[in-house]
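Visitor: Just dropping this structure here.
The values are calculated or read from the model by the stated rules, or taken from the named source; none is laboratory data. Only a predicted model underlies this, so the values are computations on that prediction, with no experimental measurement involved. Glycine also receives a Cβ, built like all others from the backbone with ideal geometry; neighbour counts cover every protein chain displayed.
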């Protein structure tokens, strides 16, 4: 029996229909702007997000790095939620590529206008790294797929602009926000100068993220993408997989959310697990291990032996991510096996 892989929603594999769409895709050299499949996807994402233009990137991390180059200068300060992806999971690229400093604020992946105002470093005092950007991650990965409430987003972005700050949305899982809240992605993206969305996470495409915003920013992004090694040739093969995912995998995101809620509810019943199951909003379950439970590394190893693949975020914290290749029944089986290991 194949392992139940809950390490990430990036582990999905294209099915036969997606592979057929990829094989049939018209392609060209994207570096010259000649790939019709990439061009069509870029136009579609720009329209979907309500922005004038969009640009294809190999990864969300690459798009995040380019966004920093476009919206900040080396030595600037960027306000983010605690444990943001750009701080924890981009291999120090934000410092190496953008030369920026991060200020982490808030709790559980969100922060308030007041907390943001209190973190702004003035530009007229040379001892500070001046704040130039506010970045929101929606959903927030390490905090368990938490949704940043849109009313707060609107208020924060308005306050940021009043202070002369740019606003950026790391919306790798913005599709999940839309599925959970019913809000169109264009409404979710509207308050921001630049927005990134991923095609390879909840939607299950093999690769790719897109950065969307005004043409005066997306134009220079092409050069920055090339500087980071992101110039691609017949990328339409990947764009076709992404477009197939848009056509066929958006509506089913709520299934992943249901699987995550079930996993959380079952695990929360164990005294070895520290988890408020009501906090699960999308497709990520992050839970702590009580004093009587094994260390996270041991649980990961023992789960692998039983055919369940999971990740540890730290010595006492585990993350599970549901996706289209882990149907509800497989997640039920995973919950049973994890509980057996915890109670052993």
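Visitor: Just checking, which of 205, 221 is touching a residue at least 24 places away in the same chain (Cβ under 8 Å), under 29 Å from residue 32 (Cβ atoms) and outside any helix (DSSP H, G or I)?
Guide: Checking each option against the conditions leaves just 205.
Visitor: Continuing with the same structure: Could you tell me whether any residue of the range 72-84 is in a helix (DSSP H, G or I), touching a strand residue (DSSP E or B) at 6+ places or on another chain (Cβ under 8 Å), closer than 25 Å to residue 160 by Cβ and assigned by TED's automatic domain parsing to the domain that holds residue 230?
Guide: no
Visitor: Within the range 206-226, is even one residue more than 30 Å from residue 73 (Cα to Cα), within 18 Å of the chain's Cα centre (by Cα), crowded, with 19+ Cβ neighbours inside 10 Å and at pLDDT 95 or above?
Guide: yes
Visitor: What number of residues within the range 24-71 are part of a helix (DSSP H, G or I) and without any contact (Cβ under 8 Å) to a residue 60 or more places away in the chain?
Guide: Qualifying residue count for the region: 5.
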